[in-house]
Structures are given as structure tokens and as C-alpha cells.
Amino acid sequence: MEMNSLSLLFDQARQLCGHREFVILGSLSILGVASGSEAPIRMLMSIDVDCYTKLDPPRIFELNDALGEGSPFEIEHGFYLDPISPRLPTLPDQWEARLIRLPLENGITLYFLDPNDVAVSKYARGEPRDREWLQAGLGAGLLSGAIIESRFRHTSFLDLRERARATSALTEDRRRVKIRRPRK
């Protein structure tokens, strides 16, 4: 996925709902810090853009029929908007203060979740495809194991078992992946 694709999607969203600011929370948040040519392909494979409208989060769900999974937009372009609530993912305290603001030429502003905050959520969920994304990001230096570990301490996990599973997975990934220095 590239920024041009996001621009097309959110231009359509603006036309349908009138909003100009959108927050991207999922895998494609990596585009807030790295272009498609800088990020490992595994971090860009998602065809669903997890997001919400910044000023009125529930409004995003109105766009599902036109831009969501199975929509004419997905059929034509091969990717889709996946409306979510900002309360859905497991995220560390102060995540909103770390959103990465990126104004587009078409008057739309995208806010990307900091990739290390995305990593906290992915470690909490623990799905195999999430682990591939995490390992690719650690290996490319786009994620920092130390920052992720620190943010675990400021995250309300579902329970102690989820926290332990996430911590164990991060420890394993840090041992297993040949890590480049994190990008500045």
C-alpha cells in the first residue's frame, strides 16, 4: 500500500461524510514514518485501512457500505476502509499525544498511530500475521524493542495472562530477529 492509495480512499471518505481528518490505527500506520519503498513489504501487505474520523469517531461506520469490505470501492481498487473505534485496540497511555500528523495535498489530514504503539496492540492480540509485521519492523529498525517494552508498563492489558504472553513474544522476537538500529 502506498500514500497515493490512502489519499484516494480518504478523498472518497471526505466526499461521503464531510470529514477531513482521519486516524489510522492498524498495520498501515507504518506509512506515517516510512514510505512504501522504505518499509518492508510485510508491513505494507494489509488491504484493510483501520481508521476512524478524528472529530466524530462513530461517524466512520457510516462509510462501511460504500468503502468497506466487499464494497464497490474494494472491488475496484483492491483495498478497503475498516471502520474501528478508538477504544478497540489495546494501547498504552498517552497514545493520542504521539499520533503522527500528515497533511495531504487534497486538504485531508491523516493521523497515524505511532508504530511502537501499534506494536503494543499487536503483541496483545498475538496473531501470527501480527508477529510477522512485528518481526519485519524490528528487523528493519522501524520498531524499537526497548520502547515497546517500556510502553507495556503503561498499558492496561485484558489480564495478566495477556500481558505475560505479549512480554514473552517480544522477548522471543528480540532474540530471534537480527535488528538494525532504530530509525530516528
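The values are calculated or read from the model by the stated rules, or taken from the named source; none is laboratory data. Just so it is clear, the model here is predicted, and its values are computed rather than measured. Note: ideal-geometry Cβ built from the backbone for every residue, glycine included; neighbour counts use all protein chains shown. Remember, those area values only see protein heavy atoms, side chains included, never the ligands or the DNA or RNA. Shrake-Rupley method; radii C 1.70, N 1.55, O 1.52, S 1.80 Å.
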Can you name the residue in the stretch 92-130 that is of a type in the set (Gly, Ala, Ser) and either assigned to a loop (DSSP other than H, G, I, E, B) or touching a His at 6+ places or on another chain (Cβ under 6 Å) (or both) and is also farthest from Pro57 (Cα to Cα) among such residues? Gly126
Got at least one residue in the stretch 56-73 being under 30 Å from Phe157 (Cβ atoms), touching a helix residue (DSSP H, G or I) at 6+ places or on another chain (Cβ under 7 Å), surrounded by fewer than 13 Cβ atoms within 10 Å (Cβ to Cβ) and not basic (Lys, Arg)? no
Does Lys178 count as among the basic types (Lys, Arg), open to solvent by less than 20 Å² (accessible area, probe 1.4 Å) and either in contact with a helix residue (DSSP H, G or I) (Cβ under 7 Å, 6 or more places away or on another chain) or within 25 Å of Val49 (Cβ to Cβ) (or both)? no
Which pairs have Cβ atoms under 9 Å, sit 6 or more apart or on different chains, and link a residue in the stretch 43-57 that is farther than 21 Å from Gly137 by Cα to one that is modelled with pLDDT of 95 or more and hydroxyl-bearing (Ser, Thr, Tyr)? Lys54/Thr109; Lys54/Tyr111
Given (1) under 17 Å from Leu104 (Cβ atoms); (2) out of contact with any Cys (no Cβ under 8 Å at 6 or more places or on another chain); (3) surrounded by 19 or more Cβ atoms within 10 Å (Cβ to Cβ), identify the lone condition not met by Thr53. (2)
Residue hits (the stretch 146-168; open to solvent by 10 Å² or more (accessible area, probe 1.4 Å) and either within 22 Å of Ile41 (Cβ to Cβ) or in a loop (DSSP other than H, G, I, E, B) (or both)) are Arg153, His154, Ser156, Phe157, Leu158, Asp159
Can you pull out every residue in the stretch 1-32 that is in a strand (DSSP E or B) and in contact with a Cys (Cβ under 8 Å, 6 or more places away or on another chain)? Phe22, Val23, Ile24
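Conditions (1) modelled with pLDDT under 95; (2) within 15 Å of the chain's Cα centre (by Cα); (3) surrounded by fewer than 19 Cβ atoms within 10 Å (Cβ to Cβ), marked per residue:
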residue: Arg87; (1), (2), (3): yes, yes, yes
residue: Trp95; (1), (2), (3): no, yes, no
residue: Ile108; (1), (2), (3): no, no, no
residue: Val120; (1), (2), (3): no, yes, no
residue: Tyr123; (1), (2), (3): no, yes, no
residue: Arg129; (1), (2), (3): yes, yes, yes
When both residues are 6+ apart or on different chains and their Cβ atoms are under 9 Å apart, which pairs have a first residue that lies in the stretch 4-15 and is over 18 Å from Glu62 (Cα atoms), and a second that is open to solvent by 10 Å² or more (accessible area, probe 1.4 Å) and among the acidic types (Asp, Glu)? Ser7/Glu105
Could you tell me whether Arg153 is touching a Pro at 6+ places or on another chain (Cβ under 9 Å) and basic (Lys, Arg)? yes
Can you tell which of Leu67, Leu88 is more than 19 Å from Ser121 (Cα to Cα) and of a type outside the set (D, E, K, R)? Leu67
Is it true that some residue in the stretch 36-43 is among the hydroxyl-bearing types (Ser, Thr, Tyr) and either open to solvent by less than 70 Å² (accessible area, probe 1.4 Å) or at pLDDT 95 or above (or both)? no
